[in-house]
Amino acid sequence: MNSIDLTMNRIDKAFNNLRKRGQKALITYITAGNPNLEATADLIIEMEKAGADIIELGIPYSDPLADGPVIQRASARALNNGIKIADIMNMVRSVRQVTPIPLIYLVYYNSVFKYGIERFVKEAHDVGIDGIIVPDLPLEERGEVFDLSKQYGIHLIPLVAPTSHERIARIVENAGGFVYCVSTTGVTGERDEIQTNIKGYMEEVSRYTDMPKAIGFGISSPDMVSQLKDYCDGIIMGSAIVSLIDKAANKDEMLENVSRFVKSIKQVLQ
Amino acid sequence: MKNIPGRFGIFGGQYVPETVMNALIELEREFNAAIQDEDFMEEYRYYLREYSGRPTPLYFARNLTEKLGGAKVYLKREDLNHTGAHKINNVLGQILLARRMGKRRVIAETGAGQHGVATATGAAMFGMECEIFMGKEDVRRQALNVFRMRLLGAKVHSVESGTGTLKDAVNEAIRDWVTRVEDTFYVIGSVVGPHPYPTIVREFQKVIGEEARAQILEKEGRLPDYVIACVGGGSNAMGIFHPFYHDKEVKLIGVEAAGLGLETGKHAATMAMGSVGVLHGMKTLLLQDSEGQVMPVHSISAGLDYPGVGPEHAYYKEIGRAEYVAVTDREAVEAFVELSRTEGIIPALESAHAVAYALKLVPQLPKDKIVIVNLSGRGDKDVETVASLPEVEL
């Protein structure tokens, strides 16, 4: 590894490499600790093998108000297992020994706040996390998390929505990683179609920034991915994968079904 | 145009998904314009007067005063409002605001069902589509109010997630609002949620305190020594406290639900046992564990069964402007029965918490002291719950 590699965030590296190859990123989400932490570690490796470029790990929370029923249930299941933030940090630390895949925490603000903002960001960095997404921390409230993330070299991923409009300029200012473009108004969860005028929306976001742009929320099938991929640099899929995890009868079936699904999406993006 | 501050000390703020930020900004702008628009305020006062029946009396509770043998007790009769509680004050304001903003669909969360009924009522009168989110546990224990909402034309969603109580109803209402933010107005029922809601709800509830202050000056020629109100989210309490804020000689006491007792862990006493955290878009005091997971709460009263509290109350506590105490389910039920028998007034179980604290405080005070208890709602909805208790014989 050369010195540039050492200082460059893995998310940026991933997008640079994909761009060179003319490919779009596949970003997958799973809730840490659902059904258990060992499974989470195995799923990270399995999804990477199947073609995921970046993985989001949800930190389970009692009141996930940006999430639909699938991720709400996954969160509740993980909490019923007694999963603590320290357990998740430890799991990430050991996974990081075996894979360089960019890893992002999706975490509600109260978890970060109560843990201690600096303690959370520093530990996340130390175990090998590359980015943080906080779905309930808008521009107006993000200052402290934003500054500390910069200080520790991880990206606080900026979120924009179809309702953001003129706010986009300030949301993306000085931000790093990629712009998480929420596809539609609403919470996470599979949908049959997305009502937003994606072309117009993504053009609007592009007027404000050259950062990579990934679309997430409600994307459930290879068909939808093929409709969306030309307008963005990456696709984020969560509930569709979590559903597969929840439906599997045993661990082998879970890994196999998730792997097959991730491959099917990756194929569309290549 | 003057801006309203988004924080009360360290409390308050806007911890919500980006999707609704522009809606909150627009809401703040429209609210600021509305409360400085004399026509708007006149219409609000018109509906308070002609539709809800304000002003509500400040009733001297002679029998209770004689029985307790201490300070004089006055009851601010918010239970006499149309729909049976103070909730309608805020709903009329917010529905008028919704109409001014061109929204045709309103949603609301409800705990005891009083805010849901008030919202359904306002929506019926103004011809708006109305959907109410209510925890499944509350749907069960407040069945009468569910029927009332449906009768008024509202759709009631039973919320199964989490503990199936008020907290989860708020989560679900926020999720709906995020989904339909462009055509929907979220009528929040208490002084909670992201800025500007705590301020909006306080401004539409402060009529309680403004009236009470004028009424006591007229009846007694002076201000009261104590103002007592129950606190779940805290809208009736903030409504009566706020106009007394600068009257430093008036002691403000908020009464939370101690449930089965603070030592049992089954309570909703946020002020007594909570720590700083973020829930429902606001930084406030919260019943949570060391990882920030919100803890299950308990109160016999559905309206107080909430793990957070309005940020302005957290601020009042921090600066010492108000004192917060807690009374148990049992004490509240005793007060429920006591006020029914002594004054012929059946209080809501929520309001019975304020009455219960007055029953303890008043006998210790000299006869020249004056106590106002905010009787925030009527108890018809709770009769079934109370009748089912083994210790109560009806």
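Bear in mind that the values in this text are calculations on the coordinates, not laboratory data. Since we're looking at a predicted model, the values are computed, not measured. Don't worry about glycine lacking a Cβ; one is built from the backbone with ideal geometry, like all the others, and counts go over all protein chains shown.
Summary table
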{"quantity": "Cα-based helix-to-principal-axis angle, B:329-343 vs chain B, degrees rounded to 10", "calculated": "70 degrees"}
{"quantity": "Kyte-Doolittle mean at least 0.0 and Cα axial length at least 24 Å: DSSP H helices in chain A", "calculated": "none"}
{"quantity": "Angle between chain B longest axis and helix B:349-361 axis [Cα atoms, degrees, rounded to 10]", "calculated": "40 degrees"}
{"quantity": "Fraction of the pair-distance distribution of segment B:260-386 above 26 Å, Cα-Cα pairs, percent", "calculated": "27 percent"}
{"quantity": "Stretchable slack from B:Glu391 to B:Arg150, in nm (0.36 nm times residue separation minus alpha-carbon distance)", "calculated": "83.5 nm"}
{"quantity": "Kirkwood hydrodynamic radius (C-alpha pairs) into Stokes-Einstein, chain A, 20 °C and 1.002 mPa s, D in µm²/s", "calculated": "116 µm²/s"}
{"quantity": "Projected label distance in nm at B:Ser290 and A:Glu118, using a 7 Å step from Cα toward the beta-carbon", "calculated": "2.1 nm"}
{"quantity": "Estimated inter-spin distance, B:Ile319 and B:Ala272, nm [label 7 Å along Cα→Cβ]", "calculated": "2.6 nm"}
{"quantity": "Phi-based couplings in Hz for segment B:277-289 (Karplus 6.51, -1.76, 1.60; Gly and Pro marked x)", "calculated": "x, 10, 8, 6, x, 10, 8, 7, 7, 8, 8, 8, 8"}
{"quantity": "Value of D in µm² per second that Stokes-Einstein yields for segment B:1-47, Kirkwood Rh from Cα pairs, at 20 °C (1.002 mPa s)", "calculated": "172 µm²/s"}
{"quantity": "Averaged over B:173-179, number of beta-carbon atoms from partner chains that fall within 10 Å", "calculated": "5"}
{"quantity": "Full-stretch length increase - B:Asp380, B:Phe60 - with 0.36 nm per residue and alpha-carbon distance subtracted", "calculated": "113.0 nm"}
{"quantity": "Net charge dipole size for the protein assembly as shown [Lys, Arg +1 and Asp, Glu -1 on Cβ; Debye, nearest 20]", "calculated": "320 debye"}
{"quantity": "Anisotropy class of chain B from Cα gyration tensor, a/c 1.5 cut", "calculated": "rounded"}
{"quantity": "Whole-number D in µm²/s for segment B:110-193 (Stokes-Einstein; Kirkwood sum over Cα pairs; 20 °C, 1.002 mPa s)", "calculated": "170 µm²/s"}
{"quantity": "Kirkwood hydrodynamic radius of segment A:119-270, Cα pairs, Å", "calculated": "16.7 Å"}
{"quantity": "Charge dipole magnitude, Cβ of K and R +1, D and E -1 - segment A:1-121, Cα centre, debye nearest 20", "calculated": "240 debye"}
{"quantity": "Under-5 Å amide H pairs with A:Thr31, H placed in peptide plane, nonlocal only", "calculated": "A:Gly58"}
{"quantity": "Equivalent ellipsoid semi-axes, segment A:179-266, via Cα gyration tensor eigenvalues times 5, rooted, Å", "calculated": "27, 13, 10"}
{"quantity": "Residues with amide H under 5 Å from that of B:Lys283, placed H, sequence gap 5 or more", "calculated": "B:Gly12, B:Gly13"}
{"quantity": "Cα convex hull of the protein assembly as shown - mean projected area over all directions, nm²", "calculated": "29.5 nm²"}
{"quantity": "Spatial extent of segment B:96-140: Rg and Dmax, with the Cα atoms as the point set, Å", "calculated": "11.1, 35"}
{"quantity": "Linear extension gain, B:Ala214 paired with B:Arg341, 0.36 nm per residue minus alpha-carbon span", "calculated": "42.8 nm"}
{"quantity": "Taking A:Cys181, B:Cys230, B:Cys130 and counting other C-beta atoms within 10 Å, the order from fewest to most", "calculated": "B:Cys130, A:Cys181, B:Cys230"}
{"quantity": "Theoretical FRET efficiency, 1/(1+(r/R0)^6), r = Cβ-Cβ of B:Glu42 and B:Gln364, R0 51 Å, to 0.05", "calculated": "0.70"}
{"quantity": "B:Ala112 long-range amide H proximity, modeled H, under 5 Å", "calculated": "B:Gly303"}
{"quantity": "Sparse-neighbourhood loop sites, GluC sites (Glu not before Pro) in segment B:212-289 - DSSP loop, at most 11 other Cβ within 10 angstrom", "calculated": "B:Glu249"}
{"quantity": "Dipole magnitude of segment B:215-294 about its Cα centre (Cβ charges: Lys, Arg +1; Asp, Glu -1), debye to nearest 20", "calculated": "100 debye"}
{"quantity": "Other protein chain Cβ atoms within 10 Å, averaged over every residue that makes up B:278-289", "calculated": "3"}
{"quantity": "Unit charges at the beta carbon, dipole of segment A:125-270: most positive-side option, A:Val262, A:Ser239, A:Val205", "calculated": "A:Val262"}
{"quantity": "Separation in nanometres of the label points that stand 7 Å from Cα toward Cβ, at B:Tyr51 and B:Leu223", "calculated": "3.3 nm"}
